[in-house]
Amino acid sequence: MGFAPSSRLRRLPPYLFAEFERKRAALEKRGRDVVNLGIGDPDTNPPALLLDTLVRHLNDPFLHQYSPSQGTEEFRSAVASFFKRRYGVALAPNEICLGVGSKELIAHMPLALTDPGDVVLVPEPGYPPYRSGTIFALCEPFVMPLRAERGFLPDLDAIPADVARRAKILYVNYPNNPTGAVASREFYAACAEFARKYGMLVVSDEAYAELYYGDPPPSFLETPGAKEVGVAVHSMTKTFSMAGWRVAWVCGNARVVEIVRGFKANCDSGQFMGFQKAVAAVLEKGTGDMKAIRDMYRARRDAFVTGLRALGWEIPSPKAGLYVWFPVPKRGMASMEFSTKVLEEAGVILLPGSGFGAFAEGFVRAALTVPEGRIREAVERIGSIRW
Ligand SMILES: Cc1ncc(COP(=O)(O)O)c(C=O)c1O
């Protein structure tokens, strides 16, 4: 039988890091030590309170049954108290729905809330599921470039009115992957107004909300009237080093939350209730851990930024997030050429901007997900390259 990927899958853009990954695998096969600043996969243990709570309840037979698809009451109540404490935003239980990680929530949003032929507004550079979820739903992605000169915020005024009228979802992501930019309250207010004007939903991906190095960034849901036009997506992954646990939530507009819950009830059955219990404990009490995690990433960020600045390179220091996004330091060199040279000569993985879309060419991304000592080593090795 000649099986083939669906036409939806065939419409996805090519995976541009494939050749780069092949080179990395070849180096590692030859026994080369590679410092991986590529993927944003947190490398430390989750907080002790989380692990202890999980272990303490593992023998509770009830926890091993199916979860309510919206998440347990205990989990949603902990999310509500966290949101109130952190943002001053009150959430009712029906305004929160559990996600099996935030990736699936983000990718499923167009399938649950659009019709074929609708437009979805996606930032570039941006997290790939904004675009792939849009393509799976047979919608048209409309690219909003994120440019350094605009603080990596999309220019909503540049979106043609006929496109905006057909748009059903506006994805925004702050603190931003990959640029590290943070959104202001004014920007979020402009998003809410734009969404109201054209009748679309704002999906604010706030996966990096707790990883900040200055003032705490706002949530879109703090904007007056935000719940009428939008939802925020939050994840435990980055903040608490829990990528494998797959615990996240979407919150905000009750009708949208209900639609997403109804959609998900058809394709997943929630998440292990032991994980939800442990997460609830940390959301109720875990602010001390968040500070320690932020301090760790701040030290890594500073080691990377100061180290490369000592080479005379222009390296912006991100205000938030897990990444340093910097212009290719060698004039006229493409990001892929730069990253390949750094990989082959220094054994350090930095992702080339070109893999994040055409508007990201000219930049490089470093993830701060290795210990500080390894970051210093990476910087030293990069410093010894002859250009
Ligand atoms: C911007 C952004 N949103 C969401 C996620 C997804 O995180 P998870 O599915 O682990 O919740 C990521 C992961 O890299 C991300 O970079």
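What to note about this one:
- When all protein chains stay in place and ligands, DNA and RNA are ignored, the 1.4 Å accessible-area order of His64, His57, largest first, is His64, His57.
- Partner lysines for Lys291 [C-alpha distance under 26 Å; skip if fewer than 8 residues away on the same chain]: Lys84, Lys103, Lys238, Lys277, Lys319
- Solvent-accessible area of Lys227 with every protein chain in place, 1.4 Å probe, in Å² to the nearest 10: 60 Å²
- P(r), alpha carbons of the stretch 1-97 - 5 Å bins starting at zero, rounded %: 2, 8, 9, 10, 11, 11, 10, 14, 15, 7, 2, 0
- Estimated FRET transfer efficiency (Asp157, Ser384; beta-carbon r; R0 41 Å; 0.05): 0.35
- Accessible area (Å², per residue) of the chain, counting only protein heavy atoms and a probe of 1.4 Å: 43 Å²
- Converting phi to 3J(HN,Hα) with the Karplus coefficients 6.51, -1.76 and 1.60 and the offset θ = phi - 60°, the stretch 347-356 yields x, 10, 8, 10, 7, x, x, 4, x, 9 Hz in sequence order, with x at every glycine or proline.
- Pairwise label distance in nanometres, Leu12 with Asp268, each label 7 Å out on the Cα-Cβ vector: 1.6 nm
- Apportionment of accessible area to carbon and sulfur, the chain, percent (1.4 Å): 53 percent
- Amide H within-cut-off set for Val119, under 5 Å, with H built and near neighbours excluded: Glu140, Ala167, Lys168
- Calculated FRET value between Arg331 and Ala4, using beta carbons and R₀ = 56 Å, to 0.05: 0.80
- Amide H to amide H, with H built 1.01 Å from N, Val202 comes under 5 Å of Leu170, Gly230, Val231, counting only residues 5 or more places away or on other chains.
- Amide H contacts of Asn173: Asp205, each under 5 Å away and 5 or more positions distant or on a separate chain (H built 1.01 Å from N in the peptide plane; Pro and chain starts excluded).
- HN-Hα J in Hz across the stretch 314-324 - Karplus 6.51, -1.76, 1.60, θ = phi - 60°, x for Gly and Pro: 8, 10, x, 9, x, 7, 7, x, 9, 10, 10
- Phi-derived couplings, Karplus 6.51 cos²θ - 1.76 cosθ + 1.60 at θ = phi - 60°, listed residue by residue for the stretch 34-49: 10, 8, 9, 9, x, 7, x, 10, x, 10, 9, 6, x, x, 4, 4 Hz, with x used for Gly and Pro.
- What you get for the chain, charging only the Cβ of Lys and Arg (+1) and of Asp and Glu (-1), is a dipole of about 460 debye around the Cα centre.
- Cα centroid separation - the stretch 1-58 against the stretch 195-240, whole Å: 26 Å
- Sites Ala189 and Ser317, calculated FRET efficiency, Cβ-Cβ separation with R0 22 Å, nearest 0.05: 0.25
- Accessible surface of Tyr208 - all protein chains present, 1.4 Å probe, nearest 10 Å²: 10 Å²
- Scaled radius of gyration (Cα, divided by 2.2 N^0.38 Å) that the chain gives: 0.99
- In this label model, Val143 and Arg85 are separated by 4.2 nm, measuring between points 7 Å along each Cα→Cβ vector.
- Tensor-based shape of the stretch 280-387 (alpha-carbon gyration tensor, a/c under 1.5 rounded, otherwise prolate or oblate): prolate
- For the stretch 336-387: rounded, prolate or oblate by the Cα gyration tensor [a/c cutoff 1.5]: oblate
The values are calculated or read from the model by the stated rules, or taken from the named source; none is laboratory data. All values derive from a computational prediction rather than experimental measurement. All Cβ positions, even for glycine, are placed from backbone atoms using ideal geometry, and neighbour counts span all protein chains on display. Surface areas here come from the heavy atoms of the whole protein model, side chains and all, with no ligands, DNA or RNA. Shrake-Rupley method; radii C 1.70, N 1.55, O 1.52, S 1.80 Å.
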